[in-house]
Amino acid sequence: MKTTTRLRALFEAPEILVMPGAHDALSAKLAERAGFDAIIMGGFPITGSLLAAPDSSQLGLMELAEHYRRVTGAIEIPLFADADTGFGNVSNVRRTAREFERAGVSGFFIEDQIFPKRCGHTPGKAVVPADEMVSKIKAATDARVDSDLVIMARTDALAVEGINAAIDRAGLYREAGADALFVEAPTSVEEMRKIINDLGGLHMANMIDFGMSPDLNAEELEEIGFSCAVWGLSSIFTMTRALIDLYARIKSDGTSANARENMVSFAEFTDLVGLPQMRQTEQDDLDFAKALIDSRD
């Protein structure tokens, strides 16, 4: 089954889809190894890991597409991606959809912030006129080749124009062709319930550690009516904490020996990234070549 078809089925299933965040191919592979059915990878952790910069439209379309291409080449499960504001007008959005699809992502969301955007859980956001976002959603859905590619519309209008305006916008975006909706940063369970009850359909809950939304678990979010819940920044926050502690230990002790309880071993890491399988494949190819040459003697 195509990963796009699998992701669509997971979104539409009765039980909630839980997607952890990843920021690179290794973290994506670890999430797959942990048994998750799909993962999400947003602009915040990618920009942080690649540029050590904030989530403010610092990465371009092709930088993101190439990053996603490397990730999808390392895993078998669906990857749900972040298309930011679409990188321009409707013509740019069409190219974004095509490039992301070529990169192997199984779906993506596009948002209605102005460019350059801000992280959805920070102040000072602004949104484009609703008709501009509606045209972008139509452009994205028209551009996809695989009809199972999941296209989600995100609105950040709640923090700017209020809950009712955000719901109105999300409804328009669905009418424009969005498969699922993402109303960013509700600040209470009551707002979450209103979003689901007023709109129905498929919705994603964005569980940002230390963020503005209530800190709910997957069971609680499923009860409210969300189709999908993501913990998109947990991996980059955890990695950052671990490296801060490691570098402090090496600086103070002059060795990493006292930090090894928090490490995988050399053998564990090389096994995880497939070194034994690579060496075996290389040897099989060499054996084939030798046998072919020997057969001609």
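ALA34: modelled with pLDDT under 95 and surrounded by fewer than 19 Cβ atoms within 10 Å (Cβ to Cβ), yes or no?
No.
Residue by residue, here is whether (1) modelled with pLDDT under 95; (2) aromatic (Phe, Trp, Tyr); (3) surrounded by 17 or more Cβ atoms within 10 Å (Cβ to Cβ) holds:
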site: GLU12; (1), (2), (3): no, no, no
site: ALA22; (1), (2), (3): no, no, yes
site: THR47; (1), (2), (3): no, no, yes
site: TYR68; (1), (2), (3): no, yes, yes
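Does ASP253 satisfy the criteria of being of a type in the set (Asp, Glu) and either touching a helix residue (DSSP H, G or I) at 6+ places or on another chain (Cβ under 9 Å) or at positive phi (or both)?
yes
Can you name every residue in the range 62-83 that is in a strand (DSSP E or B), hydrophobic (A, V, I, L, M, F, W, C) and closer than 20 Å to ARG118 by Cα?
PHE80, ALA81
Check whether at least one residue in the range 237-250 is in the same structural domain as ASP156 (by TED's automatic domain parsing), within 30 Å of GLU15 (Cβ to Cβ) and either among the hydroxyl-bearing types (Ser, Thr, Tyr) or loosely packed, with under 11 Cβ neighbours inside 10 Å (or both), and report yes or no.
No, because not a single residue in the range 237-250 is in the same structural domain as ASP156 (by TED's automatic domain parsing), within 30 Å of GLU15 (Cβ to Cβ) and either among the hydroxyl-bearing types (Ser, Thr, Tyr) or loosely packed, with under 11 Cβ neighbours inside 10 Å (or both).
Assess whether GLU99 counts as being charged (D, E, K, R), surrounded by fewer than 24 Cβ atoms within 10 Å (Cβ to Cβ) and either more than 24 Å from ARG6 (Cα to Cα) or within 13 Å of the chain's Cα centre (by Cα) (or both).
No: the conditions fail for GLU99.
Looking at the structure I just gave you, is GLY48 assigned to a helix (DSSP H, G or I) and touching a helix residue (DSSP H, G or I) at 6+ places or on another chain (Cβ under 6 Å)?
Considered against the rule, which asks whether it is assigned to a helix (DSSP H, G or I) and touching a helix residue (DSSP H, G or I) at 6+ places or on another chain (Cβ under 6 Å), GLY48 comes out as yes.
The conditions are (1) among the hydroxyl-bearing types (Ser, Thr, Tyr); (2) modelled with pLDDT under 95; (3) within 15 Å of GLY42 (Cα to Cα), and THR72 fails exactly one of them. Which is it?
Evaluating THR72 over (1) among the hydroxyl-bearing types (Ser, Thr, Tyr); (2) modelled with pLDDT under 95; (3) within 15 Å of GLY42 (Cα to Cα) leaves (2) as the failure.
Can we say VAL160 is touching a strand residue (DSSP E or B) at 6+ places or on another chain (Cβ under 7 Å) and under 18 Å from CYS119 (Cβ atoms)?
So VAL160 fits the description; yes.
What single numbered condition from (1) hydrophobic (A, V, I, L, M, F, W, C); (2) in contact (Cβ under 8 Å) with a residue 12 or more places away in the chain; (3) on the phi > 0 side of the Ramachandran plot fails to hold for VAL18?
(3)
Per-residue answers, yes or no, for (1) on the phi < 0 side of the Ramachandran plot; (2) under 14 Å from the mean Cα position of the chain (by Cα):
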{"residue": "PRO54", "(1), (2)": "yes, no"}
{"residue": "MET62", "(1), (2)": "yes, no"}
{"residue": "ALA81", "(1), (2)": "yes, yes"}
{"residue": "PHE87", "(1), (2)": "no, no"}
{"residue": "ASP112", "(1), (2)": "yes, no"}
{"residue": "PRO123", "(1), (2)": "yes, no"}
{"residue": "ASP146", "(1), (2)": "yes, no"}
{"residue": "VAL150", "(1), (2)": "yes, yes"}
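The values are calculated or read from the model by the stated rules, or taken from the named source; none is laboratory data. It should be emphasised that the depicted structure is a prediction, and the values quoted were computed from it without experimental measurement. Note: ideal-geometry Cβ built from the backbone for every residue, glycine included; neighbour counts use all protein chains shown.
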